[in-house]
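Trainee: Once you've had a glance at the structure underneath, I'll fire off some questions.
The values are calculated or read from the model by the stated rules, or taken from the named source; none is laboratory data. Every value quoted in this text rests on a predicted model; they were computed, and no experiment measured them. FYI the Cβ positions are ideal-geometry reconstructions off the backbone, even for glycines, and counts take in every protein chain you see. For accessibility, only protein heavy atoms count, side chains too; no ligands or nucleic acids. Shrake-Rupley method; radii C 1.70, N 1.55, O 1.52, S 1.80 Å.
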Amino acid sequence: AMALASIIPNKLTSMQVTVVAGMLSMMGSGITWPTSMFPYWMQKVVDYIPFTPFARSFQSFLHYQMKLEELSFAFDLYMKEGILFAALIAIGLLRMLISARKKEAA
């Protein structure tokens, strides 16, 4: 939510986008139906939705006897998401900095 709020200027819109992303993440994470039924491109997009790694690792951990090191697939997804969200936050902060400098110059 904070990453989206940093790049979407309207607070209501950023909250709505967060809710929609949350709903999509529930549907796309594999909790409601198997992701193997999705088209290939959608399977790749779903990997970057924030809830997906948690849902996949939680399901795996609950339904199978797994050790922590066997959940490396989830940690890989967390790392990819971390990089993506760090980039989004950096873009948002850069945008705010540029906007502040323009106001100072005016």
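Trainee: Amide H of residue 47 versus every other amide H placed in the peptide plane: which residues, excluding those fewer than 5 positions away on the same chain, fall under 5 Å?
Mentor: Amide H neighbours of residue 47: none.
Trainee: Let me ask another. What are the lysines whose alpha-carbon lies under 30 Å from the alpha-carbon of residue 80, with same-chain residues fewer than 8 places away excluded?
Mentor: 11, 44, 67
Trainee: Just to confirm the number: angle between the C-alpha axis of helix 72-105 and the first principal axis of the chain, 0 to 90 degrees, nearest 10?
Mentor: Relative to the chain, helix 72-105 is tipped by roughly 10 degrees.
Trainee: Ignoring ligands, DNA and RNA, please state the percent of accessible area on the chain from carbon and sulfur, probe 1.4 Å. Mind showing how you got there, number by number?
Mentor: Working: 5610 of 7810 Å².
In the chain, the share of accessible area belonging to carbon and sulfur is 72 percent.
Trainee: Please compute the per residue accessible area over the range 50-97 with all protein chains in place, 1.4 Å probe, rounded to a whole number of Å².
Mentor: Working: 3470 Å² over 48 residues.
Here the residues of the range 50-97 average 72 Å² of exposed surface.
Trainee: Additional query: In the range 1-55, which chymotrypsin sites (Phe, Trp or Tyr not before Pro) are in a loop and have at most 16 other Cβ atoms within 10 Å, using DSSP for the loop call? Mind dumping the intermediate values first?
Mentor: On the way: sites: 40, 41, 48, 51, 54; in loops: 48.
When the chymotrypsin sites (Phe, Trp or Tyr not before Pro) of the range 1-55 are filtered for loop state and at most 16 Cβ neighbours within 10 Å, 48 remain.
Trainee: How would 68, 88 rank on accessible area, largest to smallest, probe 1.4 Å? Please list the in-between numbers first.
Mentor: On the way: 68 115, 88 40 Å².
Most to least solvent-accessible, the answer reads 68, 88.
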